[in-house]
Amino acid sequence: MTDTGAPTLWRTLREAAAQTCALVAPRRCPCGREDTWLCERCAKLVEAVPCRVESCCDALQELSAARVREEQNGDLVLPAGVDHTPLLPVLALGEYGGDLQRLILAWKNGGMLHLGARIAPGLSPAVARLVEGAEGAAPFLVPVPSQRSARLRRGEDHTAELVRAMERCGAGRALLLRAQPTTAQEGQGARQRRTRRILLHGRAAREAGRRAAPVVIVDDVVTTGSTLRGMHQALTGAGMEVLGAVVVASARVPALRAAGKRTG
Ligand SMILES: [Zn+2]
């Protein structure tokens, strides 16, 4: 058996590959620091405590109550107006900007696919937080599908690779569905415009739906949340139970986090 030898062999091969690459191109962290693929400071960015960001995603807000006048609810006085409840919880490692943005761009477009292996352990605690209190086995991790054109341009599917790396970290089971994002804007209603429609096909999606499998959506960056909304709609429509989403970075984060305070 090669069970015990395999990780060592893998490490040796990886190191050999890194050395070979270093001969051609010097090691450089996406932030610009030399002689390392990921410097200590950038490594800390992907090891950050995940924070909830769904309140910052406009397309994820559901209108939950509308009051024409002030109302008393127990000890609480509710002002006239509308309440918004986010469609699903979303956890991010940080705000999309600075070194975290450089790291994500290098991973997505800069040929540094190996960074996914460093991001995956950082996202695992976020999945654990979404699963807290839920019964049963590890959730399925579903990557947001890349546009076919982007996949062809890059030659790889970085979110699918990330999900595979997260499975190796024990965060859950990778569920790679055949999905097709569409850019078509169906209907004229505000909700339709806020949703990026995603079509699922294939047996894996039907199987997971039939078993009402608990799933966590995985993506690189969230901006308005319209893609996450589309995924939520496609997955729940197929019968799956969506526990939430985890992303590497969010275009906006709650004020406390932005100020550098840990909200946990
Ligand atoms: Zn760096």
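Restricting the search to region 53-88, which residues are loosely packed, with under 10 Cβ neighbours inside 10 Å, part of a strand (DSSP E or B) and of a type in the set (Val, Ile, Thr)? It would help to see each step written out before you state the result.
To start, the set of residues in region 53-88 that are loosely packed, with under 10 Cβ neighbours inside 10 Å comprises 66, 68-69, 72-77, 79.
If we keep only those that are part of a strand (DSSP E or B) too, we end up with 66, 72-73, 76-77.
If the condition is that a residue be loosely packed, with under 10 Cβ neighbours inside 10 Å, part of a strand (DSSP E or B) and of a type in the set (Val, Ile, Thr), then 77 is the only one that fits.
Determine which member of the set 34, 40 is of a type outside the set (S, T, N, Q), modelled with pLDDT of 95 or more, surrounded by fewer than 10 Cβ atoms within 10 Å (Cβ to Cβ) and within 30 Å of residue 98 (Cβ to Cβ).
On the way: 34 fails: modelled with pLDDT of 95 or more.
The unique qualifying residue is 40.
Here is a check on your reading of the model: is residue 150 under 13 Å from the mean Cα position of the chain (by Cα), at pLDDT below 95, closer than 23 Å to residue 205 by Cβ and in a helix (DSSP H, G or I)? Give the steps one after another, and end with the answer.
On the way: under 13 Å from the mean Cα position of the chain (by Cα): no; at pLDDT below 95: yes; closer than 23 Å to residue 205 by Cβ: yes; in a helix (DSSP H, G or I): yes.
No.
Return only the number of the condition from (1) modelled with pLDDT of 80 or more; (2) more than 21 Å from residue 252 (Cα to Cα) that residue 13 does not satisfy.
(1)
Might you check whether a residue that is part of a helix (DSSP H, G or I), in contact with a helix residue (DSSP H, G or I) (Cβ under 8 Å, 6 or more places away or on another chain) and closer than 21 Å to residue 225 by Cβ occurs anywhere in region 24-46? Lay out the reasoning, then the answer.
Our first condition is that a residue be part of a helix (DSSP H, G or I); within region 24-46, this holds for 24, 40-46.
Next, only the ones that are in contact with a helix residue (DSSP H, G or I) (Cβ under 8 Å, 6 or more places away or on another chain) stay: 41-43, 45-46.
Subset that is closer than 21 Å to residue 225 by Cβ: none.
Scanning region 24-46 turns up no residue that is part of a helix (DSSP H, G or I), in contact with a helix residue (DSSP H, G or I) (Cβ under 8 Å, 6 or more places away or on another chain) and closer than 21 Å to residue 225 by Cβ.
Considering only region 208-229, state which residues are basic (Lys, Arg) and in a loop (DSSP other than H, G, I, E, B). Steps first, please.
Of the residues in region 208-229, the ones basic (Lys, Arg) are 210-211, 229.
Listed by number, the list holds a single entry, 211.
Could you look through region 198-220, keep only residues that are within 23 Å of residue 57 (Cα to Cα) and crowded, with 18+ Cβ neighbours inside 10 Å, and pick out the one that is modelled with the lowest pLDDT? Full working, then the answer.
As a first pass, look at region 198-220 and keep what is within 23 Å of residue 57 (Cα to Cα): 198-199, 214-220.
Next, only the ones that are crowded, with 18+ Cβ neighbours inside 10 Å stay: 198, 214-220.
Values: 198: 84, 214: 93, 215: 95, 216: 97, 217: 97, 218: 97, 219: 96, 220: 96.
Top of the filtered list is 198.
Give the residue, chosen from 113, 100, 78, 88, that is within 16 Å of the ligand (Cβ to nearest atom) and at negative phi.
Working: 113 fails: within 16 Å of the ligand (Cβ to nearest atom); 78 fails: within 16 Å of the ligand (Cβ to nearest atom); 88 fails: within 16 Å of the ligand (Cβ to nearest atom).
Checking each option against the conditions leaves just 100.
Considering each residue of region 60-75, count those that are touching a helix residue (DSSP H, G or I) at 6+ places or on another chain (Cβ under 8 Å) and either within 16 Å of the ligand (Cβ to nearest atom) or hydroxyl-bearing (Ser, Thr, Tyr) (or both), and give that number.
0
Go through the residues of region 48-59 one by one and say whether even a single one is within 16 Å of the ligand (Cβ to nearest atom) and over 19 Å from residue 158 (Cα atoms).
Looking only at region 48-59, we keep the residues that are within 16 Å of the ligand (Cβ to nearest atom), and these are 48.
Next, only the ones that are over 19 Å from residue 158 (Cα atoms) stay: 48.
Yes, some residue in region 48-59 is within 16 Å of the ligand (Cβ to nearest atom) and over 19 Å from residue 158 (Cα atoms).
The values are calculated or read from the model by the stated rules, or taken from the named source; none is laboratory data. Here the structure is a predicted model, which means the values were calculated and not measured. Note that we place each Cβ from the backbone using ideal geometry, even for glycine, and neighbour counts take in every protein chain shown.
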